[in-house]
Amino acid sequence: MEKPGLYIHVPFCRRKCLYCAFFSVAAFDAGRVEDYRRALCHEARNQVVRYFGGERIPVATLYVGGGTPSILPVAFYASLFRALEDVFDFSALEEVSFEANPEHLGLDYLRDLRNYTPVRRISIGVQSFHDQDLKVLNRCHDAKDALAAVENARKAGFENLSVDLIYGLWGGEETALASWRENLSWIARLGLPHFSAYALSLEPGTLLWRKVEQGRYRMAPDEEVEREFFCLQEFAHRQGFEHYEISNLAKPGFEALHNSNYWRDLPYLGLGASAHSYIGRERFWNTSRLPDYLQDTEAGKGREFLSEEDNYHEYVMTALRTLRGVEPERLERFSPALQAAFGRQAALECNRGNLVIENGMYRIPDSKRLLTDGIASEFF
Ligand code: SF4
């Protein structure tokens, strides 16, 4: 089996952002944090026994996500990584990423992170460089914090930086596109090598959902979201970014490896409340109830075995979202019937101009990328 990626979920946030459907809890105390560290270590030992026969396993990439990982002190991570080294071999890590919010990224925090942990890549949840957007989104930082966070990260020695941005924020026809353009221009001005751009989406149960239902927020019309996506593509082209996945853009050599491995259908192990894992064809996920997880990391664990067909669908769907596209070599795992079905549909989509073959891989051309989900669904 390929070396797995390791994901650690940190489910703590100061408060809930408008659009957020991720699992996180807004209130926590120091005692609970220490319990959480112990639970993560306990879960790690259990999983390694269950899936890898108890051997100390080499890990390809490490990703700390949330929630808001930067809400916890560096000492938490220094001690967590030391403990995890008993069960994982970190000697050949290709990437160690850490999600952070701007308001936590003071110079001292970043220097400690650099000196006492293996973290070398930081993904900063900026979302927008406009204070007004940040207020609407219920974020805890302002634009000044975002700029300071990038500057501090550089001073602390982090060159591999990414920021998250959200488009499709509706401020009215005149302002929306101009405002998005300005957000993109900050990426260029700051010389960032990587950024992620997500369209604002309406998820049930979020504060945004409630506001829209109450008529207190209006989602941007589809045409506006499209305009902003095309603006993103044009910016990427002009500034030398590879739009290597529908929501991710990187300068050469700065693609996020951990996430790219998800899209290539490689194995990963997730630790923490609500974390998902994928090993062999088995997918399993932890309870989202923090008290249950703290008491027993196996409590309420969900599990499913993907059929060959489900596995094929997921691979094709995620691979078509990437610039790399579907790799014939990775299709060889599937039955001759599924490979033949792919070949037939691929030929059809090539004729329709929805697919191109580049370096032996099948990908969706730039002009059709906004239609990715629809094109991918033709394969199922
Ligand atoms: S900081 Fe991130 S995880 Fe926490 S509420 Fe906001 S979007 Fe969700």
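The values are calculated or read from the model by the stated rules, or taken from the named source; none is laboratory data. Note that the coordinates shown come from a computational prediction; the quantities given were computed from them, not determined experimentally. Neighbour counts are summed over all protein chains in view; Cβ atoms, including those assigned to glycine, are modelled from backbone coordinates with ideal geometry. Just the protein is used for accessible areas: all its heavy atoms, side chains included, with ligands, DNA and RNA removed. Shrake-Rupley method; radii C 1.70, N 1.55, O 1.52, S 1.80 Å.
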Give me the pairs: first residue in segment 261-283 and closer than 13 Å to E314 by Cβ, second residue at pLDDT 90 or above and small (G, A, S), beta-carbon distance under 6 Å, and six or more apart or on different chains, which are they?
-> H276/G270
Under 8 Å between Cβ atoms, at least 6 apart or on separate chains: pull out the pairs that start in segment 138-158 with a residue that is farther than 18 Å from T68 by Cβ and open to solvent by 10 Å² or more (accessible area, probe 1.4 Å) and end on any residue that is within 16 Å of the ligand (Cβ to nearest atom) and at pLDDT 95 or above.
-> A143/S128; A143/L134
Flag if Y77 is over 19 Å from H276 (Cβ atoms) and open to solvent by less than 30 Å² (accessible area, probe 1.4 Å) | yes
Among all residue pairs at least 6 apart or on different chains, which show Cβ distances below 6 Å where the first residue, located in segment 174-185, is modelled with pLDDT of 95 or more and the second is of a type in the set (S, T, Y)?
-> W180/Y167; N183/S128
Among the residues of segment 239-262, write down those that are more than 20 Å from the chain's Cα centre (by Cα) and farther than 24 Å from L200 by Cβ.
-> G240
The one condition in (1) more than 13 Å from the ligand (Cβ to nearest atom); (2) open to solvent by 10 Å² or more (accessible area, probe 1.4 Å); (3) within 19 Å of L290 (Cβ to Cβ); (4) within 23 Å of the chain's Cα centre (by Cα) that C17 fails to fulfil = (1)
Grab the helices (runs of 4 or more DSSP H) fully contained in segment 195-290, keeping just those with 2 or more residues being aliphatic (A, V, I, L, M).
-> 207-213, 222-239
Subset of segment 225-264, residues open to solvent by less than 20 Å² (accessible area, probe 1.4 Å) and at pLDDT below 95, comes to S260
Among the residues of segment 17-73, the number that are part of a helix (DSSP H, G or I) and within 15 Å of G125 (Cβ to Cβ) is 3
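This table checks each residue for (1) out of contact with any helix residue (DSSP H, G or I) (no Cβ under 9 Å at 6 or more places or on another chain); (2) within 30 Å of P69 (Cα to Cα); (3) of a type outside the set (D, E); (4) open to solvent by less than 30 Å² (accessible area, probe 1.4 Å).
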{"site": "L306", "(1), (2), (3), (4)": "no, no, yes, yes"}
{"site": "G325", "(1), (2), (3), (4)": "no, no, yes, yes"}
{"site": "A347", "(1), (2), (3), (4)": "yes, no, yes, no"}
{"site": "C350", "(1), (2), (3), (4)": "yes, no, yes, no"}
{"site": "P365", "(1), (2), (3), (4)": "yes, no, yes, yes"}
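If we keep just the residues of segment 84-105 that are among the polar types (S, T, N, Q) and within 22 Å of the chain's Cα centre (by Cα), which is farthest from the ligand (Cβ to nearest atom)? If you could, list the steps in order and put the result at the bottom.
Filtering segment 84-105 down to residues among the polar types (S, T, N, Q) leaves 91, 97, 101.
Checking the rest, the ones that are also within 22 Å of the chain's Cα centre (by Cα) come to 97, 101.
On the way: S97: 15, N101: 6 Å.
The residue in question is S97.
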Taking into account only those residues within segment 327-343 that are open to solvent by less than 30 Å² (accessible area, probe 1.4 Å) and of a type in the set (A, V, I, L, M, F, W, C), which is nearest to A256 (Cα to Cα)?
-> L331
Filtered residues of segment 139-165 (kept if within 16 Å of the ligand (Cβ to nearest atom), in contact with a Lys or Arg (Cβ under 8 Å, 6 or more places away or on another chain) and either at pLDDT below 95 or outside any loop (DSSP other than H, G, I, E, B) (or both)) | S162
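Which one is nearest to the ligand (Cβ to nearest atom) among residues in segment 2-13 that are in a loop (DSSP other than H, G, I, E, B) and crowded, with 17+ Cβ neighbours inside 10 Å?
The residue in question is C13.
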All positions within segment 22-34 that are closer than 30 Å to E94 by Cα, of a type outside the set (V, I, T) and either more than 8 Å from the ligand (Cβ to nearest atom) or in contact with a His (Cβ under 8 Å, 6 or more places away or on another chain) (or both) | F23, E34
Of all residues making up segment 20-29, the number that are over 17 Å from H104 (Cα atoms) and more than 22 Å from the chain's Cα centre (by Cα) | 1
Would you pick out the residues in segment 119-138 that are within 16 Å of the ligand (Cβ to nearest atom) and charged (D, E, K, R)?
-> D133, K135
Of (1) out of contact with any strand residue (DSSP E or B) (no Cβ under 9 Å at 6 or more places or on another chain); (2) free of Cβ contacts under 8 Å to residues at least 24 places away in the same chain; (3) of a type outside the set (V, I, T), H313 satisfies all except one. Which?
-> (2)
Taking G171 as meeting all but one of (1) away from the ligand (no atom under 13 Å from the Cβ); (2) at pLDDT 95 or above; (3) out of contact with any Leu (no Cβ under 7 Å at 6 or more places or on another chain); (4) closer than 30 Å to L370 by Cβ, write down the number of the exception.
-> (2)
